[in-house]
Amino acid sequence: MARSGDRGWWKWLAAVVLLGSVVGAFEGTAALNGAETYDVVIANGRVMDPESGLDATRNVGIRGGKIATISAELVQGKQTIDAKGLVVAPGFIDLHEHGQEPRNYEFQAHDGVTTSLELEAGTADVDQWYARREGKSLINFGVSVGHIPVRMKVMKDAGTFLPVGDAAHRQATPAELQQIDDDIDKGLRRGALAVGMGINYTAAATHDEIVDIFRLAAKHGASVHVHLRHAGLQEPTTGLVGIEEVIAAAAATGAPLHVVHITSMGLKNTPRLIAMVKGARERGLDVTTECYPYTAGSTQLESAIFDPGWQDRQGITYKDIQWTKTGERLTAESFEKYRKEGGTVVIFSIPEEAARTAVADPTIIIASDGMPLTGAKIHPRGQATFSRVLGHYVREEKALDLMTALRKMTLMPAQRLEKRAPIFKNKGRIRLGADADITVFDANRVIDRATYEEPLRYSEGIQFVFVSGLAVVKSGQLVDGLFPGQAARAPVSQ
Ligand SMILES: [Zn+2]
């Protein structure tokens, strides 16, 4: 018994040693090949990260929707995308996109956008806005609480997108003012990313009303994204006067300020408006601005923008306005007819020099101001802004370098929002632990294809787009049936 017992002990020991070596060998194999370690590997791409300045060939491994490795060594995953010759950048963040329907998201994904935000007009019902998109969205989405829609709701304005009645043309009563403030406060408590404002469209809103809303935004640490009260060239209603109002409100209340589409506000005086933003920042105010890479704006013909005197204010006339349903340029007669009917127009009012100056400026964020797809001849900006900057202004015109352009579409918009909405600390970067929202494009080929004549064309050269680690664009083609887009929302306080 004793001898056989000894043999049993040795057998047991041998088995343990053998088992140990098998486990060891298995681990060794895994470590050696990295087999199945990552869900997806984007291999051999030119990784460009505006935060760290990294610009080198790297392999990016994604696991659980996050960036899990950025390695010069080969790594393997369940899926590998060969990105040789392509730029691997953080997914683009669009602070200003009015089109927030599934079809807009498809155009934006083709343009490299992984997070699409409606921060200028915003919504009057933050909960409902997010609920409508939750689990159904191709890309990430987010919204501000909007002074325009709140004022329209409180003052019972009949307009659909922009005010046409009392919300544009009448001062609010004390009771209405209280309701407007309460609704904006509620939207911020429900996690709105910012406060949206379009003072030019609510022209009867007093300066007091505006300052009170800045005060509310400051209380919640929310930036105010403003379309200025005045735009254009005619004293005393120039873009400069418009920017004075909101810089003063920001300074006095402490609210961060973001001026939307500075080129359509300043027109040929855009450099003067940019200087105001820079000056405010140099004196310690949190003020930013944005632009789109086009020489036309777009809005509703029935809005207060086209109240009498618009030609002198904007320095344009009928023929500079395009009716988006047909593409025709307007006359005095068709202007009257379509203004009654209501609808979207494209306005050719921005000098190329102004557009180029803003696009090239390293301190100005790129944002599309894309419009709902309501006509055959709508503005192309919602479909093509980011590819146009990369293809036309970076590659063809050499107006700015690639890393600067990427910073203006990724890191800077994320930083604009991250104090209020900490989820943005993990967006706009290629960094360990960041969300795997990644855009992979061919810098030699990327270009906008949407035009004023043919606005519904996908951009070219955006090869792969990942949202939370899932490819929604693969080899330049949209992938059907995926909805990885998540709510980009500030913390809900009550
Ligand atoms: Zn606007």
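The values are calculated or read from the model by the stated rules, or taken from the named source; none is laboratory data. Since the model is a prediction, treat every value here as computed from it, not as a measurement. What goes into the accessible areas is simple: the full protein's heavy atoms, side chains included, and nothing from ligands, DNA or RNA. Shrake-Rupley method; radii C 1.70, N 1.55, O 1.52, S 1.80 Å.
Summarising the overall dimensions of the stretch 326-406 from its C-alpha atoms, the Rg and Dmax are 15.8, 48 angstrom.
Straight-line cross-link partners of K425 among the lysines, defined as a Cα under 20 Å from its Cα and at least 8 positions apart when in the same chain: K66, K408.
Among the listed pairs K136/K325; K278/K337; K219/K340; K268/K474; K156/K219, those whose Cα-Cα separation exceeds 31 Å are K278/K337; K219/K340; K268/K474. With every protein chain in place, what's the accessible area of D480 (1.4 Å probe, Å², nearest 10)? Using a 1.4 Å probe on the heavy atoms, I get roughly 140 Å².
Within the stretch 118-204, the percentage of alpha carbon pairs spaced more than 16 angstrom apart rounds to 50%.
Out of the total accessible area of the chain (probe 1.4 Å, heavy atoms of protein only), what percent is carbon and sulfur? Show your work: numbers first, answer last.
Numbers: 10640 of 19810 Å².
Of the solvent-accessible surface of the chain, carbon and sulfur hold 54 percent.
What the phi angles of the stretch 310-325 give under the Karplus curve with 6.51, -1.76 and 1.60, with θ = phi - 60°, is a coupling list of 4, 4, 5, 4, 9, x, 9, 9, 3, 5, 8, 10, 10, 7, 6, 6 Hz, glycine and proline written as x. Taking 1.306 mPa s as the viscosity and 10 °C as the temperature, the Stokes-Einstein diffusion coefficient of the chain based on its alpha-carbon Kirkwood radius rounds to 67 µm²/s. Placing one equal scatterer on every Cα of the stretch 399-445 and applying the Debye formula, the log10 ratio I(q)/I(0) at q = 0.32 Å⁻¹ is -1.20. Counting only residues at least eight positions apart within a chain, or on another chain, the aspartates and glutamates with an alpha carbon under 12 Å from that of K377 are E328, E453, E454. In the context of the full set of protein chains, the chain has a per residue accessible area of 40 Å² (1.4 Å probe). Under 5 Å from the amide H of G146 lie the amide H atoms of T123, A124, G196, each residue being 5 or more positions distant or on a separate chain, with H modelled from the backbone and absent for Pro and chain starts.
Rounded to whole numbers, the Karplus 3J(HN,Hα) couplings from phi for the stretch 401-410 are 8, 5, 5, 4, 4, 5, 4, 6, 10, 10 Hz, using 6.51 cos²θ - 1.76 cosθ + 1.60 with θ = phi - 60°, and x at Gly and Pro. Taking the empirical scaling 2.2 N^0.38 Å for compact globular proteins as reference, the stretch 52-137 has a Cα radius of gyration ratio of 1.40. Axis angle, to the nearest 10 degrees, between helix 207-219 and the longest C-alpha principal axis of the chain: 10 degrees.
Run the numbers on the chain and let me know its relative contact order in percent, using alpha-carbon pairs under 8 Å that are six or more apart.
On the way: 1203 pairs, mean separation 95.2, N = 494.
It rounds to 19 percent for the chain.
Here the Karplus relation 6.51 cos²θ - 1.76 cosθ + 1.60, evaluated at θ = phi - 60°, turns the backbone of the stretch 226-242 into coupling constants of 10, 8, 4, 5, 10, 9, x, 10, 9, 5, x, 10, 8, x, 4, 5, x Hz, with x for every Gly and Pro.
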